[in-house]
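Before I ask anything, here is the structure I am working with.
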Amino acid sequence: MRDQASDEGKCLTLADLLSGPAKNWYRQRPRSTRNKWTELLKSFQIQYCGFGVSVARQYYQARKRSDESALEYLHRLNVAGLRAHLKVKDGNTKERKEHVDHFIKTLGDPELADRLTLLQLSDADDLEEVLRALDRAKIRQKKSTAGSSRYRQKALPSPAPAAPAKQVRAIQIQAQDSESDSNSDGSDTDRDEHRRIYLAANDEHSSPGEEPKTSDRELPDRRAPDPQPGDPRYQSEGTDRGRCSHCGSKKHTDLGCWRCLTCKKCGKRGHPADHCLFVCWG
């Protein structure tokens, strides 16, 4: 600030230089103080420079600020001790130890204070080395944490798709056909057949061009019609034909039995392709 400036200019310049809490302090001053340089300067020195307070009291009343690190506070406390003519650097062992103890008591960080107390530091130089080492350790830890988090984000594989779940239902169908023995052919009797049909639902669809699975022994997908009069099979078997050797039914011959059929659609045995009950439940 130039000495040639007017008192009003000095007041305005100081107001422009202040910020944060100091700016709020300035706004609380009376208008007469803000417009008069000598009073404004004196008020500022009392508030921020310890004007009117002994240097020894400034040292013993010092406390670590929230916006400064422990190492910065140590430097400020060393300066306050030197101004108070305390031998914080070149005094005897007791004087140097008292300076370290005063720093620990006014640090305002119980965890760090306990760690420093256990070290039994003898002077400010040893204390400064310890604080520098702690700062370096914090910096390394931050870098390591940031690097490991980035590595985990890159190395984390995408979750594998869940295996397709198959839903299988079993439906038991009871087919009851009651026919009188007095029918014209006289060969059919009442029959009760229980068939179990498995309906499988697979979320995975076959890839394009993939043919359904079939067995080596693939039979026609339609039931062979029952022999009619005039058919050699009909004549050979006669009207009193026996039961089917595969399922025991009198409704059809061995050649017309579904039990030996293999479906072209689902690959299962027991029904032709046009009667396939394979249903996708996905």
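The values are calculated or read from the model by the stated rules, or taken from the named source; none is laboratory data. Only a predicted model underlies this, so the values are computations on that prediction, with no experimental measurement involved. Positions of Cβ are backbone-derived with ideal geometry, glycine not excepted, and every protein chain shown enters the neighbour counts.
What number of residues within region 7-35 are in contact with an Asp or Glu (Cβ under 9 Å, 6 or more places away or on another chain) and acidic (D, E)?
Summing the residues that are in contact with an Asp or Glu (Cβ under 9 Å, 6 or more places away or on another chain) and acidic (D, E) in region 7-35 gives 0.
What is the one condition in (1) under 25 Å from E128 (Cα atoms); (2) modelled with pLDDT under 90 that S69 does not satisfy?
Every condition holds for S69 apart from (2).
Let me ask you something else. What number of residues in region 250-263 are at pLDDT below 80 and touching an Asp or Glu at 6+ places or on another chain (Cβ under 8 Å)?
6
Listed here are the residues, each with its yes/no results for (1) among the acidic types (D, E); (2) in contact with a strand residue (DSSP E or B) (Cβ under 6 Å, 6 or more places away or on another chain); (3) more than 15 Å from A70 (Cα to Cα).
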position	(1), (2), (3)
E98	yes, no, yes
G108	no, no, no
E111	yes, no, no
R115	no, no, no
L119	no, no, yes
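Does S19 satisfy being surrounded by fewer than 12 Cβ atoms within 10 Å (Cβ to Cβ) and not in a helix (DSSP H, G or I)?
yes
Could you name every one of the helices (runs of 4 or more DSSP H) located completely within region 23-140 that has at least 2 residues being β-branched (V, I, T) and surrounded by 14 or more Cβ atoms within 10 Å (Cβ to Cβ)?
93-105
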